[in-house]
1. If I ask for residues that are surrounded by 18 or more Cβ atoms within 10 Å (Cβ to Cβ) and assigned to a loop (DSSP other than H, G, I, E, B), which ones from the stretch 184-203 would you list?
2. Go through the residues of the stretch 110-121 one by one and say whether even a single one is under 23 Å from Phe8 (Cβ atoms), among the aliphatic types (A, V, I, L, M), more than 26 Å from the chain's Cα centre (by Cα) and not in a loop (DSSP other than H, G, I, E, B).
3. Here are the criteria: (1) more than 31 Å from the chain's Cα centre (by Cα); (2) in a loop (DSSP other than H, G, I, E, B); (3) touching a residue at least 40 places away in the same chain (Cβ under 8 Å). Tell me which single one Leu223 does not satisfy.
4. Phe107 versus (1) within 19 Å of Glu284 (Cα to Cα); (2) touching a strand residue (DSSP E or B) at 6+ places or on another chain (Cβ under 6 Å); (3) among the aromatic types (Phe, Trp, Tyr): which is the lone unmet condition?
5. Out of the residues in the stretch 216-258 meeting the condition of being out of contact with any Ser or Thr (no Cβ under 9 Å at 6 or more places or on another chain) and among the aromatic types (Phe, Trp, Tyr), tell me which one is modelled with the highest pLDDT.
6. Can you find a residue that is modelled with pLDDT under 85, in a loop (DSSP other than H, G, I, E, B) and at positive phi anywhere in the stretch 32-51?
7. Do we have any residue at all in the stretch 283-292 that's without any contact (Cβ under 8 Å) to a residue 60 or more places away in the chain, part of a loop (DSSP other than H, G, I, E, B) and not aromatic (Phe, Trp, Tyr)?
8. Criterion first (closer than 19 Å to Ala185 by Cα, buried (at least 19 other Cβ atoms within 10 Å of the Cβ) and at pLDDT 75 or above) does Val283 satisfy it?
Amino acid sequence: DLSGDPTFTELLTRVRERSLGAFAHQDVPFERLVEELAPSRSMARHPLFQVMLSLQNNAQAVLDLPGLDVRHVPGDDLAARYDLAFTLGERHDADGAPAGLHGTVTFARDLFDEATAERLAARLLAVLRTVLAEPGLPVARVEVLDDDERHRILTEWNATGHTVPDTTLTGLIEAQVARTPDAVALVDESAELTYAEMNARANRLARLLASRGVGAETAVALLMERSADVFVAMLAVLKATDLGVAIEPQHPAYVIYTSGSTGRPKGVVLPHAAVVNYLSRAVEAYPEVRQSTLMHFSVSFDAGVTALYGALTSGGRVRVAALDERLPGVLAAERLTFLKVTPSGLAYLDAMSDAHVPTGRLMV
């Protein structure tokens, strides 16, 4: 238990108390413990823990056989029973006084390589040196990263600045229509629309919406069967803020509902500037959206923004999957280059023998 920002000394006390409490109940049958905990079983990992640290500090056994010179010879590589296992043993000098620790790290090769395991062992040594030198230090302040790693995380990986065009979502799409008017933009089970056709339909509907009073900052709800026309209608709503009114990047683009971490849906207003900022980065990070993507999410799910608007602002082709279409069948029929899927969706695809993953990037 690390609550209360304990020092290392306090943490050791907590570990000692917890361990003694466990030893006081060592008469409980292991089968009963498993029954009470009911851990989820998996062939990929140990059901209770993935990392083990053990200290072997018993006296070294000596085998003395008359007429024989007996010595300990290390065996072959050990099979990894856990993701990581740190096994430490005490050393003693000729007089029997403690002379430090030695140890090994056993790791699962399907998760770690040797260099990574060595770095983890080095981090453990660094932590031990720190707490030995200052045992009153709060464990939250124990530094695990070295200087190069800290610079990489805080500076190199955090260098996310990029040029963001001073425009709107509709501006990005209009620009792409001008660049590739004859390229295919939207495809569903029964039809396909080029960029020019998609834009013309959206313009007609936008004028109708504007005549009904729709304008900048007007919320419009869509209730339609899932098809390419849904996304034409979404674009039309965006454009109805574009007729006779100067749309600014800070104007709202759409409202999306999210449960966040509370479980209660709440509306979040996304301005054009935020969407443009994301898309300008997304098409760089996922260049495959410029080719063929799949829109299989609910249109109210923010995960669909990358596959939909990422493609339509960069010349990509969006395949719209109907709600009753089996995703593996769509994947088998389409030559996708980009698919964004949740972990549960990926598990579903993995269970389907006829599923074909995209030739490009699978984003989870």
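The values are calculated or read from the model by the stated rules, or taken from the named source; none is laboratory data. On a predicted model such as this, the values are computed, not experimentally measured, just so you know. Methodologically, a virtual Cβ is constructed for each residue, glycine included, from the backbone with ideal geometry; neighbour enumeration extends over all protein chains shown. In case anyone asks, the SASA skips ligands and DNA or RNA and just uses the protein heavy atoms, side chains included. Shrake-Rupley method; radii C 1.70, N 1.55, O 1.52, S 1.80 Å.
1. Asp188
2. no
3. (3)
4. Against the list (1) within 19 Å of Glu284 (Cα to Cα); (2) touching a strand residue (DSSP E or B) at 6+ places or on another chain (Cβ under 6 Å); (3) among the aromatic types (Phe, Trp, Tyr), Phe107 comes up short only on (1).
5. Step by step, filter the stretch 216-258, then rank; the result is Phe231.
6. No - not one qualifying residue is present in the stretch 32-51.
7. no
8. Working: closer than 19 Å to Ala185 by Cα: yes; buried (at least 19 other Cβ atoms within 10 Å of the Cβ): yes; at pLDDT 75 or above: yes.
Yes; evaluated as a whole, the condition is true for this residue.
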